[in-house]
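Presented below is the structure to which this report refers.
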Amino acid sequence: MKIIKEITRILLGLTFIFSGFVKGIDPLGSTYKFTDYFNAMGNEWATRFAFILAVILALAEFGIGIALLFNYRLKIVSWLALLFMAFFLPVTLWVAVKNPVSDCGCFGDALVISNWQTFFKNIVLTIFAIIVVMQRSRFVNRFNIKYQNVGIILILLIFGFLQQHSYRHLPLIDFRPFKIGANIPDGMVMPADAPTDQYRTEFIYQDKQTGETKEFNETNYPWQDTLKWEYVDSKSILVKAGYHPPIHDFTMENSFGEDVSEFYLFDENYTFILVAYNLDKTITSNQNSINSLAQEVLDHGMNFICLTSSGEEEIEQFKHSNNTPYEFLVCDEITLKTIIRSNPGLLLTSAGTILGKWHWRDIPSFEKLELDTK
């Protein structure tokens, strides 16, 4: 039992640390996930608290994990871990049943698992937390508690600094398919032998006598009993997910609705892509520097474009207000939020390979890039 309780404590602690760390170094990613949850629940008013909740959640998970790993005040921390799991276990069950989002985001973009896998994972972690609570008085802390107090505080301060740095610049580690060195066209390839999504069809019929509706499938739908049942609707239900390439929904549409992404993704010339997922929310304090860089890039015969999900009216208003010298193309908002955690943010590509990424606070001058202008 001694070995089991120690292994349980360590595994529970490492899971909390990993979950808190990957969310903590990508606070905007967690913010977007909270926003998705609130919108799915019909609580749009709560989206204003999404960022602060993302920061607190990551810090709490990481702190609980560190305390569990180092046997720190387990009589209190063990209960915190159990309360944490007692809250998220029913939440993840609701997510698995209702499927309001594609994945829960419990491990950020570092490890994407399905909603049902998340729920079963939380069952195991809840059992671990119960064991730790039951054995909390039997854990032996061999470290000086005063040194531990100082150590835990320092660790949490460092983690808080990493959170702030990742928010004000870019995530410390980029787990997304648009990281530096990734090739965008390669990320969109669908292998020939890749499995596809499997669906089943449910048919909805209404009883002509009582008005009651009932669902049938392909094996028992009442296509012959037209006197009793009347067809109302049908729906497709995903039975088994197939393979999905890491990069999807990536297009670059011009003002004529034409997808011109291939022109830029296969051009061996340097292409600068300014990402501004929503022009109404875009920070413009560095706009003069962006315009200067864009003009230099264009003067040297390179490409400079802006990707946004905003409509034509918003684009024209932004161009007029900020005297932008570059072309605007339209892309999916979720894809743009995935590409870079900054609004705006800048990418440098060549032949579809990402060579550099910058937060709007860190966009360099043309001279500092030291590009081979040939």
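Close contacts from the range 336-348, counting a first residue that is in contact (Cβ under 8 Å) with a residue 12 or more places away in the chain and a second that is among the acidic types (Asp, Glu) and not in a strand (DSSP E or B), with Cβ to Cβ under 7 Å and a gap of 6+ residues or different chains, come to Arg341/Asp26. All of (1) open to solvent by 40 Å² or more (accessible area, probe 1.4 Å); (2) at pLDDT below 95 hold for Phe18 with one exception: (2). Within the option set Asp267, Asp280, Asp249, being within 20 Å of the chain's Cα centre (by Cα), acidic (Asp, Glu) and open to solvent by 10 Å² or more (accessible area, probe 1.4 Å) holds for one residue only, Asp249.
Determine, yes or no, whether Val55 is over 27 Å from Ala241 (Cβ atoms), touching a Pro at 6+ places or on another chain (Cβ under 9 Å) and buried (at least 16 other Cβ atoms within 10 Å of the Cβ). Yes: the conditions hold for Val55. Filtering the range 132-176 to residues that are assigned to a helix (DSSP H, G or I), open to solvent by 40 Å² or more (accessible area, probe 1.4 Å) and closer than 17 Å to Leu68 by Cβ leaves Met134, Arg136, Ser137, Arg138, Ile145, Asn149, Ile153, Ile155, Leu156. Can you pull out every residue in the range 154-170 that is touching a residue at least 24 places away in the same chain (Cβ under 8 Å) and closer than 16 Å to Ile340 by Cβ? Those that are touching a residue at least 24 places away in the same chain (Cβ under 8 Å) and closer than 16 Å to Ile340 by Cβ: Ser166, Tyr167, Arg168, His169, Leu170. Residues of the range 317-346 that are open to solvent by 10 Å² or more (accessible area, probe 1.4 Å), among the aliphatic types (A, V, I, L, M) and not in a strand (DSSP E or B): Ile334 alone.
Taking (1) touching a helix residue (DSSP H, G or I) at 6+ places or on another chain (Cβ under 6 Å); (2) surrounded by fewer than 16 Cβ atoms within 10 Å (Cβ to Cβ); (3) within 30 Å of Pro100 (Cβ to Cβ); (4) in contact (Cβ under 8 Å) with a residue 60 or more places away in the chain in turn, Pro185 satisfies each apart from (3).
With respect to the conditions (1) within 33 Å of the chain's Cα centre (by Cα); (2) of a type outside the set (Gly, Ala, Ser); (3) over 23 Å from Ile273 (Cβ atoms), Arg168 falls short on a single one, namely (3).
Pull up the range 355-374, narrow it to residues that are of a type outside the set (A, V, I, L, M, F, W, C) and over 18 Å from Val275 (Cα atoms), then point me to the one that is most open to solvent (accessible area, probe 1.4 Å). Here the answer is Lys374. Scanning the range 39-52 for residues that are part of a helix (DSSP H, G or I) and surrounded by fewer than 18 Cβ atoms within 10 Å (Cβ to Cβ) yields Asn39, Ala40, Glu44, Trp45, Ala46, Thr47, Arg48, Phe49, Phe51, Ile52. If only residues of the range 341-351 that are closer than 25 Å to Leu279 by Cβ and of a type outside the set (Val, Ile, Thr) are counted, the one that is nearest to the chain's Cα centre (by Cα) is Arg341.
State whether one or more residues within the range 80-102 are modelled with pLDDT under 95, closer than 22 Å to Pro177 by Cβ and part of a helix (DSSP H, G or I). For the range 80-102, residues modelled with pLDDT under 95, closer than 22 Å to Pro177 by Cβ and part of a helix (DSSP H, G or I): absent.
For Ser30, indicate whether it is modelled with pLDDT of 95 or more and of a type in the set (Ser, Thr, Tyr). No; evaluated as a whole, the condition is false for this residue. The residues on offer are Leu11, Leu68, and the sole one that is out of contact with any Gly (no Cβ under 7 Å at 6 or more places or on another chain) and part of a helix (DSSP H, G or I) is Leu11.
Applying a threshold of 6 Å to beta carbon distances and a minimum spacing of six or more residues, or different chains, the list of pairs starting in the range 117-135 at a residue that is under 18 Å from Asn99 (Cβ atoms) and ending at one that is small (Gly, Ala, Ser) and in a helix (DSSP H, G or I) reads Phe119/Ala96. Evaluated against (1) of a type in the set (Gly, Ala, Ser); (2) within 30 Å of Asp26 (Cα to Cα); (3) not in a loop (DSSP other than H, G, I, E, B), Gly181 falls short on exactly one condition, (3). Only residues that are open to solvent by 40 Å² or more (accessible area, probe 1.4 Å) and at pLDDT below 85 were counted across the range 201-222, and they come to 5. Residues that are more than 21 Å from Phe266 (Cβ to Cβ) and among the acidic types (Asp, Glu) within the range 340-374 comprise Asp362, Glu367, Glu370, listed in sequence order. Which ones in the range 347-374 are assigned to a strand (DSSP E or B) and in contact with a His (Cβ under 8 Å, 6 or more places away or on another chain)? Listed by number, the list holds a single entry, His359.
The values are calculated or read from the model by the stated rules, or taken from the named source; none is laboratory data. Not measured: the values here are computed from a predicted model. Quick reminder, even Gly has a Cβ in these numbers, built from the backbone with ideal geometry, and neighbours come from all protein chains shown. Ligands, DNA and RNA are stripped out before the accessible areas are found, and what is left, the full protein with its side chains, is counted by its heavy atoms. Shrake-Rupley method; radii C 1.70, N 1.55, O 1.52, S 1.80 Å.
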